[in-house]
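Everything below concerns the one structure shown next.
The values are calculated or read from the model by the stated rules, or taken from the named source; none is laboratory data. Just so it is clear, the structure is predicted and the values come from calculations on it, not from any experiment. Positions of Cβ are backbone-derived with ideal geometry, glycine not excepted, and every protein chain shown enters the neighbour counts. The area values use the complete protein model at the heavy-atom level, side chains included, leaving out ligands, DNA and RNA. Shrake-Rupley method; radii C 1.70, N 1.55, O 1.52, S 1.80 Å.
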Amino acid sequence: MFPYSRPRRLRQGENIRRMVRETSLSPDDFVYPLFVTFGRNVRKEIRSMPGCYQESVDRVVKHAREVHNLGIPAVILFGIPEHKDETGSGAYDPHGIVQKAIKAIKDKVPGLYVITDVCMCEYTSHGHCGVIEKGDVKNDPTLELLSLEAVSHAQAGADMVAPSDMMDGRVEAIRIALDGEGFSELPIMSYAAKYASAFYGPFRDAAESVPQFGDRRSYQMDPGNRREALKEVALDIEEGADIVMVKPAMTYLDIIADIRENFALPVAAYNVSGEYAMVKAAAKMGWIDEKRVMLEVLTSIKRAGADIILTYFAKDAAKALGA
Ligand code: PBG
């Protein structure tokens with residue numbers, strides 16, 4: 001009897017839907033970002049990122065424990081230093097804010113994997129991701145600072161470093177520096193295809209890293225480019241990246257799928273601040289079902305090919321998944 005083929009047969013109830021579901025989420029998929037600031041007992045909610053906070057080291061440790069207890073394997077740390085300067089010296093200060101946070105978390109919550117964002121923009125007075133000469137970010141001098149930063153994170157006890165600056169050659173420079181200091185076992189997750197995106201707006205409130213002049217289009221990728229992402233990823237793999245990241249995620253699912261298809265390395269995707277803020281804002285207005293939209297967004301990122309999802313929703317999603 002027409003039609004013989006009825007796909008709806010496999011959608012008749014939750015059990016059969018569970019059995020044929022191609023992509024399911026788990027807390028194992030997530031990395032939760034934490035923002036560390038100076039002071040004691042500080043916990044300031046970020047205006048444009050409800051549910052996310054700038055926290056002093058003592059509070060970040062408590063937060064890290066909560067993340068661990070939810071079954072999320074890893075956090076990624078961002079620092080807001082007390083003082084910023086031209087060369088971002090807080091980034092590679094052995095007593096810097098992120099270095100202190102790494103030590104405290106590894107000491108108090110040893111079961112949690114600690115990744116660090118390696119970049120200069122949170123530490124420079126001008127808010128750019130490197131050394132400025134004649135109004136532009138200079139590539140090669142920046143590599144030296146990024147290498148110092150990565151080594152200092154490793155020395156503080158980080159489990160993995162994640163350079164997010166988009167300078168050319170930085171993965172190799174960091175690999176050589178780490179190996180030279182005895183950290184040849186420490187993996188690098190490179191923000192390989194990082195686009196110059198307006199979706200980072202809320203993060204720049206959170207990290208206080210708005211560029212004081214110009215923008216990041218001379219180093220981050222043009223949103224119109226798809227093939228170029230494959231070139232960036234190929235270069236980072238050649239230079240020694242262990243995991244490659246696409247950022248943002250929701251509006252770059254094609255890029256995630258391309259990279260999944262073309263390379264064997266684990267692929268990470270960063271569900272960025274603006275993507276989080278949009279869902280939170282629409283939910284607050286009562287216009288969408290926050291929990292369902294969140295899970296649908298995260299499922300789509302995984303379905304596109306991401307093995308690892310960096311997301312401000314990690315805790316909410318772990319809870320929704322029954323953690
Ligand atoms: C640092 C960095 C940024 C983000 C992660 N690392 C900001 C930027 O490049 O301007 C954005 C994360 C987010 O929006 O959630 N370079």
> Relative to the Cα centre, what is the charge dipole magnitude of the chain, using +1 at the beta carbon of each Lys and Arg, -1 at the beta carbon of each Asp and Glu, and rounding to the nearest 20 debye?
Replying inline: 1920 debye
>> Students sometimes get this wrong: rank Leu230, Leu145 by accessible area, probe 1.4 Å, all chains present, largest first.
In response: Leu230, Leu145
> In the full protein assembly as shown, how much of Lys291 is accessible to a 1.4 Å probe, in Å² to the nearest 10?
Replying inline: 120 Å²
>> Suppose all protein chains stay in the model; what accessible area per residue would a 1.4 Å probe give for the chain, in Å²?
In response: 46 Å²
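How would Tyr113, Tyr4, Tyr53, Tyr252 line up by accessible area, probe 1.4 Å, largest first? Let's see the in-between values first.
Working: Tyr113 75, Tyr4 175, Tyr53 50, Tyr252 20 Å².
From most accessible down to least: Tyr4, Tyr113, Tyr53, Tyr252.
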> For Ala320 and Glu133, what is the calculated FRET efficiency with R₀ set at 51 Å and r taken between the beta-carbons, to the nearest 0.05?
Replying inline: 0.60
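What is the range 22-322 by shape, rounded, prolate or oblate, if you read a ≥ b ≥ c off the alpha carbon gyration tensor as root eigenvalues and call it rounded for a/c under 1.5, prolate for a/b larger than b/c, and oblate otherwise?
On the way: a/c = 1.33, a/b = 1.13, b/c = 1.17.
Rounded.
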> 222 nm [θ] for the chain, helices only, -39500 (n - 2.57) per DSSP H run of 4+, per residue, to 500?
Replying inline: -12000 deg cm²/dmol
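How much net charge surrounds Gln54 when only other residues with a Cβ under 9 Å from its Cβ are counted (Lys, Arg +1; Asp, Glu -1)? Display every interim value, and only then the final one.
On the way: positive: Arg43, Lys44; negative: Glu45, Glu55, Glu208.
In short, -1.
Over the chain, calculate the relative contact order: mean separation of alpha carbon pairs under 8 Å at least 6 apart, over the residue count, as a percent. Write down the numbers at each step before the final one.
Working: 637 pairs, mean separation 58.5, N = 323.
Relative contact order for the chain comes out at 18 percent.
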>> Could you check the spin-label model distance between Met1 and Asp205? Points 7 Å from the Cα along Cα→Cβ, value in nm.
In response: 5.8 nm
> Accessible surface of Thr251 in the full protein assembly, 1.4 angstrom probe, to the nearest 10 Å²?
Replying inline: 80 Å²
> Given a 1.4 Å probe and every protein chain left where it sits, what share in percent of the accessible area of the chain is carbon and sulfur?
Replying inline: 51 percent
>> Using a 10 angstrom Cβ neighbour count of at most 16 plus a DSSP loop assignment to flag exposed GluC sites (Glu not before Pro), which longest range of the chain is free of such sites?
In response: 209-323
>> Run the numbers for Asp179 and Leu235: contour at 0.36 nm per residue of separation, minus the present Cα-Cα distance, in nm.
In response: 18.3 nm
>> Given a Förster distance of 45 Å, report the FRET efficiency between Arg227 and Glu144 from their Cβ-Cβ distance, rounded to the nearest 0.05.
In response: 0.90
> If you plug each phi of the range 237-245 into the Karplus form 6.51 cos²θ - 1.76 cosθ + 1.60 with θ = phi - 60°, what whole-Hz ³J(HN,Hα) values come out, in order, with x for Gly and Pro?
Replying inline: 5, 4, 7, x, 5, 9, 9, 10, 10
> What accessible area, in Å² to the nearest ten, does a 1.4 Å probe give for Met166?
Replying inline: 10 Å²
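Taking R0 as 51 Å, what's the FRET efficiency between Val42 and Arg11 from their Cβ-Cβ distance, rounded to 0.05? Working shown, then result.
Numbers: r = 49 Å, r/R0 = 0.97.
Efficiency for this residue pair is about 0.55.
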> Pick from Val118, Val31, Val279: which is most flexible by mean-square fluctuation in a GNM of the chain where alpha carbon atoms under 10 Å apart are linked?
Replying inline: Val279
>> For the pair Met19/Lys62, report the inter-label distance in nm, with labels modelled 7 Å from Cα in the Cβ direction.
In response: 4.8 nm
